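Engineer: Encoded as structure tokens, here's the structure I'll be asking about.
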Amino acid sequence: MTHATAAADLMRPPSPAEPGAGVYSNKLGMWVFLASDVMFFTALIGSYIILRFGMSEAWAAPGAVLNVPLTGFNTFLLICSSVSMVKAYAAIADGKPYFLRPVAGKMLRDGGLKFWLLVTILCGAAFVGVQVYEYIKLVEHGFTPAGYREGSLIAEHALADPVRYGAATGAMYGSTFFTMTGFHGFHVTCGVVAMTYLYFTKVLPEKYSPQDYRGIETIGLYWHFVDLVWIILFTIVYLI
Amino acid sequence: MTSVAHARPQAHDGAHHAPMSFWQKYIFSTDHKIIGIQFLFVSLFFLLVGGLLAIQIRWQVGFPGTPMPLAGLLPESMAVGGVILPEYYIQLVTMHGTFMVFFAIMPLLVGVYANFLIPLKLGTHDMAFPRINMWSFWLALLAGMIMLAGFFVPDGAARAGWTMYAPLSARPDLSGATLAQQLWCVSIVVLGLSSVMGSLNYITTVINHRAPGMTWFRMPLSVWALFITAILGVLALPVLQGAAIMLLFDQTIGTHFFDPVAGGQALLWQHLFWFFGHPEVYILILPAMGMVSDIVANGSRKPIFGYHSMVFAIIGIAFLGWIVWGHHMFMSGMNPTLGSTFMVSTLLIAVPSAIKVFNWMGTMWRGNLRFHVPMLNAIGFVSMFTIGGLSGIFMAATPVDIPIHDTYFIVAHIHYVLFGGSLFALFAAIPYWYPKMFGRLMSEPLGKIHFWLTFITYNLVFFPMHVIGMGGQMRRLYDPTIYDFLKPQQPLNEFISIAAFALFAVQFLFAFNFIWSLWKGKKAPQNPWEDNGLEWTLSNPAPHGNWEKVPNVYRGPYEFSSPESPNSDFLPQHVKLPTDRDPVPAPPPAGH
């Protein structure tokens, strides 16, 4: 391959006279932003750890207040969206911008960028939807950012079984739960909005090619990061 | 060379521009120089706001109970019969700190000079992400407006000190302010976003957008310092954002993060705030150090002494900055063993700081000194920063910190590093790069008068604060005369106040010089300071898009009095000597 064709490949920028990081700026900028986001979640999660384990009374038992199976399904949705994100990335890297194409001799059709990115957007949007539903139900039953609302269903349970429901720690449980999962949900929402924007401005008009699909790779990095944060949050908020 | 041009996909929008409307060019501009100048005007305005708050503080401390001139302009909720109320006084100290740290010094150093200098000194057309850069400015302005709005809401501005210690800040029933406390949090979250957007731009630009031949160790120290500062900003600001969001939720939606009654921890706020706050201290001083390094070398006509050790000192300070936050909390209730650990890590910072001070002195030693205004202010920086650094060692030592914690000693210390340090560096940097921004020079005689008057009155204000701090006067104290043991110090307080008014008045010289020179200043020659940096290869003011063709770089930026230089005492980075070889494009990555 000649020098000139390599130079035209925006995914693999040739080294300038003074080498930079060897990646294009959008990707580098996203990495830097993610480093910054790590620090944001570190502040929230670190506070949660200090508050929870700094208390003498026990936290509510896993599953006592929160609907773990529902959120388990939501976790599955988000992991699926990460897989479809990889498929979208691989599709455009292989030069498949289309939606679906029949494959000779097979029942299944071959998905392209348009298909897999749409799957990702839908999974992400479904995740946010389930989370909103979960919030509404929790607040209805009396679990709020301020703790267990007096006279509510959960407050009655907590009176009957103070250890299982962590009656003494309900206020901190509510504070940390809603703040951490809320900001994660906000990140997912931002990702869905950004991907939808890309879908209509770049993906549908087929502006990406195997030589330049920087937008997909950059948003993909963000999406996998948000997924990773959720796996940590699901573990420490719901399961332990 | 084609590969170099292709390597920067964003670069081709430089140099060749269609004509733009006034709004595109000066208001919603994506040009890094215009954004830097926008930051300059806005943060100088906030510097004035912070100064106005400061002289009111000094009136109350110097002359408690005496009607303040012009206090009739203030509403009854702030001053009655011209006398400042305690509720207003605490707003004054809170907002003075907030405005000076977040909206004056930080944007002046980072917003103005990172934006303006990084592309010019590295030899690129613009930042990596010009539109994000524009957003960074507008969000910073929005944050400043939200903060300023605090003064105009019914219960007055935020009033828990600029450090916003919980639970005072978290509970309106304790602080007496509801909306303004929330505005403070919102403003800080917006500012954090602005800062992260700016910083990720600076980092990406420095890594990926350097001119051919501009190796890491040919970068000017100002760019090194701004680069490391950006890393600190990207990692520290989100922590403050997280903390401010938790505080905001405590105030609004009923969470209890910082409320011990419901199981929260008030100390958690302090940890979060200072985990951000100490890196923030270096965000406020590292760019100043970098720019002073450039100016000291230029004014001494010598290569900077120990260039590499300067770079590693910056990195060392930035790294150590992450593991010292506990020294702000020695008196907050801390395990003595942990306190000793923080003491040791804090004292370690004296090592890279001293390396820098000795290197500046080594640069000036037997140099062919040119005492232009930037150089005078840079020397002011070095000497004042040294005093501030030495008083810092006092407070880093736990046994000494116990009696002087939360007294005027710390007020003296912070002002020696922030005013004597950062602001003197800005008084050096503003006239130094003024020609590159506006095409004219600021008045030298006026600048020299301003420097000497500022230097003298500044020391008259802040040096005695060490003494009254040792005497036990608490910071943020409304009226020192209510304590018998502080009464003997009151004449000194009056003296400080009078000096402070003089210091404030002297700054109008600077303001006049700055504004007057915009129209009437002497037209600047292309390279007025005879400097080596790439920015001086451009005309004044620097044109839109910077270079038609980015220059090659052949050496570091500090080749002053070089024997190789044919007929001057400086050797610019882009000048090719017969012995120099052009930077060779690196081969494309393997497999392509």
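Every number here is computed from the coordinates shown, using simple stated rules; none is lab data. What you are looking at is a predicted structure, and each value in this text was computed from that prediction instead of being measured. Every residue, glycine among them, receives a Cβ derived from its backbone with ideal geometry; neighbour counts consider all protein chains shown.
Engineer: Please report A:Cys190, B:Cys185 as a ranked list, fewest other C-beta atoms within 10 angstrom at the top and most at the bottom.
Structural biologist: A:Cys190, B:Cys185
Engineer: Here's a follow-up. For chain B, what is the convex hull volume of its Cα atoms per residue in Å³?
Structural biologist: On the way: hull volume 102.4 nm³, N = 592.
For chain B, the hull spanned by Cα atoms encloses 173 Å³ per residue.
Engineer: For a quick check: sort B:Phe258, B:Phe451, B:Phe312, A:Phe225 by the number of other beta carbons within 10 angstrom, fewest at the front.
Structural biologist: B:Phe312, A:Phe225, B:Phe451, B:Phe258
Engineer: Under a point-charge model restricted to the Cβ atoms of Lys and Arg (+1) and Asp and Glu (-1), what is the dipole moment magnitude of segment A:21-239 relative to its Cα centre, in debye to the nearest 20? Numbers along the way, then the final one.
Structural biologist: Details: 14 positive and 13 negative charges, 159 e Å.
So the dipole magnitude of segment A:21-239 works out to roughly 760 debye.
Engineer: With N set to the residue count of the protein assembly as shown, report its C-alpha Rg divided by 2.2 N^0.38 Å to two decimal places.
Structural biologist: Working: Rg = 28.6 Å, N = 832, 2.2 N^0.38 = 28.3 Å.
Against the empirical 2.2 N^0.38 Å value, I get 1.01 for the protein assembly as shown.
Engineer: Take every residue in peptide B:232-244, count the Cβ atoms of other chains within 10 Å of its Cβ, and give the average of those counts.
Structural biologist: What the average comes to for B:232-244 is 5.
Engineer: Here's something else I'd like to know. Kyte-Doolittle cut-off 0.0, length cut-off 18 Å along the helix's own axis using Cα: show which whole DSSP H helices in chain A pass.
Structural biologist: Working: long enough: A:25-53 (41 Å, 1.18); A:68-93 (37 Å, 1.37); A:113-141 (42 Å, 1.18); A:170-198 (41 Å, 0.83); A:214-233 (29 Å, 1.06).
Once both thresholds are applied, what remains is A:25-53, A:68-93, A:113-141, A:170-198, A:214-233.
Engineer: Also: Once both axes come from the Cα atoms, what is the angle between helix B:266-300 and the longest principal axis of chain B, in degrees from 0 to 90, rounded to 10?
Structural biologist: 40 degrees
Engineer: By the scheme Lys and Arg +1, Asp and Glu -1, what is the net charge of all other residues having a beta-carbon under 9 Å from that of B:Arg301? Walk me through the numbers before you get to the answer.
Structural biologist: On the way: positive: B:Lys302, B:Arg370; negative: B:Glu530, B:Asp569.
Net charge in that neighbourhood comes out at 0.
Engineer: Which order do peptides B:338-344, B:402-408, B:54-60, A:35-41 fall in by mean Cβ count within 10 Å, highest first?
Structural biologist: Packing proxy ranking, top to bottom: B:54-60, A:35-41, B:402-408, B:338-344.
Engineer: Follow-up. Helix-only mean residue ellipticity at 222 nm, chain B, DSSP H runs n ≥ 4 weighted -39,500 (n - 2.57), per residue, nearest 500. What is it? All intermediate terms of the calculation are to be shown ahead of the outcome.
Structural biologist: Working: 18 runs with 335 residues, N = 592.
Taking each H run of at least 4 residues, the total per residue is -19500 deg cm²/dmol.
Engineer: On the Cα set of segment A:21-239, report Rg and Dmax in Å, please.
Structural biologist: Computed over the Cα atoms of segment A:21-239, radius of gyration and Dmax are 20.6, 65 Å.
Engineer: Still on this structure, please answer the following. As I understand it, the value is the acute angle between the Cα axis of helix B:307-320 and the longest principal axis of the Cα atoms of chain B; what does it come to in degrees, rounded to 10?
Structural biologist: That helix lies at roughly 30 degrees to the long axis.
Engineer: Can you give the FRET efficiency to the nearest 0.05 for A:Leu10 and B:Ala149, using r as the Cβ-Cβ distance and R₀ = 45 Å? Show your work: numbers first, answer last.
Structural biologist: On the way: r = 44 Å, r/R0 = 0.98.
With a Förster radius of 45 Å, E is 0.55.
Engineer: Using a 10 Å cut-off around each Cβ of peptide B:250-259, what is the average number of partner chain Cβ atoms that fall inside?
Structural biologist: 6
Engineer: Let me ask another. Rounded to whole Å and ordered largest first, report the semi-axes of the equivalent ellipsoid of segment B:455-588 derived from its Cα gyration tensor (root of 5λ).
Structural biologist: On the way: eigenvalues 559, 83, 46 Å².
Each semi-axis is the square root of five times an eigenvalue, giving 53, 20, 15 Å.
Engineer: Note down the net charge around B:Thr363, summing +1 for each Lys or Arg and -1 for each Asp or Glu among other residues with Cβ under 14 Å from its Cβ.
Structural biologist: With Lys, Arg at +1 and Asp, Glu at -1, the net is +3.
Engineer: Same structure again: For the Cα atoms of chain B, what angle does the longest principal axis make with the long axis of helix B:336-348, in degrees from 0 to 90, nearest 10?
Structural biologist: Helix B:336-348 sits at roughly 30 degrees to that axis.
Engineer: To make sure I understand, if each residue's beta carbon is the centre and we count other beta carbons within 10 Å, what order do A:Tyr173, A:Tyr133 fall in, fewest to most? Mind showing how you got there, number by number?
Structural biologist: Details: A:Tyr173 26, A:Tyr133 13.
Going from least to most buried by this count: A:Tyr133, A:Tyr173.
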